[in-house]
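Only one structure is covered here, and it is reproduced in the block below.
The values are calculated or read from the model by the stated rules, or taken from the named source; none is laboratory data. Every value quoted in this text rests on a predicted model; they were computed, and no experiment measured them. All Cβ positions, glycine included, derive from the backbone under ideal geometry; neighbour counts span all protein chains shown. These accessible areas exclude ligands, DNA and RNA; they are computed on the full protein's heavy atoms, side chains included. Shrake-Rupley method; radii C 1.70, N 1.55, O 1.52, S 1.80 Å.
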Amino acid sequence: SVRAAPTVSTSTRGYDAGKKVQGRKRHIAVDTLGLLITVLVTPASTSDRIAARSLLRRLRSAAGRRVQLIWADGGYTGTLLGWARNTLALTVEIVKRPDLPHFTVLPRRWVVERTLA
């Protein structure tokens, strides 16, 4: 989530209670190099799982059948996995955070973070 200026229309911004930010969320799909494939911007109040369905539909139309496997973080668990498999023929694999007391670089997850940075 990123902050939005007060001049931004209230219909396009929302409140992200997790980050305590009023603004927008950027949902992106990147390839293994971190290059953007598709982008979706929603109000910050939109659930990640709800936005993921729109993002995955855009991904399927942009990339066609070339994309088969999606790596996602723990915020995308639940019915999204089955929906993506049955509706779009995509396999969504969750990259879980390890229970370690210190920072650890996770495989594949750093690619998206680097793109956003």
Residues satisfying the stated conditions in the stretch 1-55, i.e. among the basic types (Lys, Arg) and open to solvent by 60 Å² or more (accessible area, probe 1.4 Å):
ARG3, LYS19, LYS20, ARG24, ARG26, ARG49, ARG53
Reported set for the stretch 66-80 where residues are over 21 Å from VAL41 (Cα atoms) and either among the hydrophobic types (A, V, I, L, M, F, W, C) or without any contact (Cβ under 8 Å) to a residue 24 or more places away in the chain (or both) is ARG66, VAL67, GLN68, LEU69
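Out of ARG53, ARG3, which single residue is farther than 18 Å from VAL111 by Cα and within 14 Å of the chain's Cα centre (by Cα)?
Residue meeting the stated conditions: ARG53.
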In the stretch 19-65, residues that are among the hydroxyl-bearing types (Ser, Thr, Tyr) and free of Cβ contacts under 8 Å to residues at least 12 places away in the same chain total 2
Tell me which of these THR32 doesn't satisfy, since it passes every other one: (1) over 14 Å from the mean Cα position of the chain (by Cα); (2) in a helix (DSSP H, G or I).
(2)
Using the structure shown, decide if THR87 is surrounded by 10 or more Cβ atoms within 10 Å (Cβ to Cβ), on the phi < 0 side of the Ramachandran plot, free of Cβ contacts under 8 Å to residues at least 12 places away in the same chain and out of contact with any Leu (no Cβ under 6 Å at 6 or more places or on another chain).
yes
